[in-house]
Amino acid sequence: MPTFTREGLTFAFETWGDASAPPVVLLHGFTSDLRMWHPVAEELARSYHVVAMDLRGHGRSSAPEEIDAYTAEALAADVLALLEHLDIDVCALVGCSFGGMIALQFAVTWPERIAAIVLSDTSAAYRHPAYDERYWERERDIDTATDVVRRFGTAELGRRKAMALSDPFLARGIRERYARLSTEGWVGCARVRKERPDLLPILQSTITMPALVVIGEDDPVRSASEVMTAQLPEARVVTFRGAGHGVPVLDPHGFAREALRFLEDVESGVPVAGRRTRN
């Protein structure tokens with residue numbers, strides 16, 4: 001797997017498709033890694049040069065021990081370093097959940113580097129009065145998990161989560177997935193989720209590039225996504241009926257088709273604004 005370095009840290013990434021095609025960069029969710037994008041990347045690569053990286057603290061990328069090394073600004077700068085390493089001046093940026101938070105941070109900092117943005121299952125601020133109880137219940141669960149990781153490590157959290165599964169194959173997969181995560185990466189990125197800048201007040205003035213927002217109908221983060229969407233009146237919003245959190249994983253082919261349609265419309269100059277529900 002190819003890598004690049006920034007400030008003494010090593011970052012892993014993968015590429016798909018023709019390197020001369022327009023670039024699309026994919027950012028994964030919290031506790032995941034670039035492998036979540038494989039099915040989506042394979043479809044996008046028919047038309048685009050697709051790049052996915054392991055974010056700081058995840059996958060095969062470095063996980064610094066210092067808690068202060070984890071900020072939204074630092075993770076966004078890692079993405080910029082990836083673009084510089086690959087000589088990419090402008091790209092379409094796609095982020096799911098935590099990756100969407102970092103994509104937004106990148107886009108408000110370097111909007112000139114983004115031709116279009118796709119935001120799935122994500123939010124522009126940790127806190128807002130309109131967020132519903134389902135959102136906060138999920139946040140409390142993440143706080144509880146983070147406390148377990150801080151005290152006992154990621155492998156212990158994986159063991160506890162696996163105990164709730166009756167399928168031995170799935171249980172083993174959960175244990176192995178969590179064992180691969182580092183305590184420092186988990187705790188550091190959990191901190192980023194809560195302490196990231198509130199971008200809601202500046203979305204309309206900075207996110208001027210075409211935007212696609214993907215929402216799962218049953219996602220506990222939906223209320224936060226809707227608050228974000230209210231600040232993006234020119235965005236295309238697609239709600240996936242019956243989907244929970246993580247549409248690119250739950251319905252990779254459907255997500256890829258929507259992303260391809262959006263990117264093709266952007267390239268053709270077709271207006272993207274509108275809302276639609278997808279079965």
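If I stretch the segment between ARG275 and GLU234 completely, what's the gain in nm (0.36 nm per residue apart, minus their alpha carbon distance), one decimal? 13.7 nm is the gain from fully extending ARG275 to GLU234. In a fully extended conformation the segment linking ARG151 and PHE169 would gain 3.8 nm over its present Cα-Cα distance, using 0.36 nm per residue. Report the antiparallel proportion of the DSSP beta bridges in segment 1-148 as a percent, rounded to a multiple of 5. Rounded to the nearest five, the antiparallel share is 35 percent. Rounded to the nearest 0.05, what FRET efficiency do LEU80 and ASP218 give with R0 = 35 Å and r taken as the Cβ-Cβ distance? Could you check? It comes to 0.55. Label positions at ASP132 and ARG60, each projected 7 Å from the Cα along the C-beta direction, are separated by 4.1 nm.
What FRET efficiency would be calculated for the residue pair ARG191, ASP87, taking the C-beta separation as r and a Förster radius of 22 Å, to the nearest 0.05? Here the calculated transfer efficiency is 0.10.
Compute the label zone of ARG180 within segment 53-87: residues whose backbone N is under 14 Å from the point 7 Å along Cα-to-Cβ. The answer is 53-55, 57-62. Across the chain, the fraction of Cα-Cα pairs farther apart than 32 Å, rounded to a whole number, is 18%. Across the accessible surface of segment 94-242, with the other protein chains kept in place and a 1.4 Å probe, carbon and sulfur atoms take up 52 percent. Once a ≥ b ≥ c are taken as the square roots of the eigenvalues of the Cα gyration tensor of segment 55-151, is the result rounded (a/c under 1.5), prolate (a/b larger than b/c) or oblate (a/b not larger than b/c)? Here segment 55-151 falls in the oblate category.
Here the simple spin-label model places points 7 Å from the Cα toward Cβ, and for GLU112 and HIS38 these points are separated by 3.9 nm. Taking the Cα centroid of segment 58-73 and of segment 191-229, what is the distance between the two, rounded to the nearest whole Å? Comparing the Cα centres of segment 58-73 and segment 191-229, I get a distance of 22 Å. Extending 7 Å from the Cα toward the beta-carbon at both ILE202 and SER20 defines two label points whose distance is 3.9 nm.
A 1.4 Å probe run over the protein chains yields, for segment 23-120, 30 Å² of accessible area per residue, whole-number rounding.
The values are calculated or read from the model by the stated rules, or taken from the named source; none is laboratory data. On a predicted model such as this, the values are computed, not experimentally measured, just so you know. As a convention, Cβ positions derive from the backbone with ideal geometry for all residues, glycine included, and neighbour counts pool all protein chains shown. The area values use the complete protein model at the heavy-atom level, side chains included, leaving out ligands, DNA and RNA. Shrake-Rupley method; radii C 1.70, N 1.55, O 1.52, S 1.80 Å.
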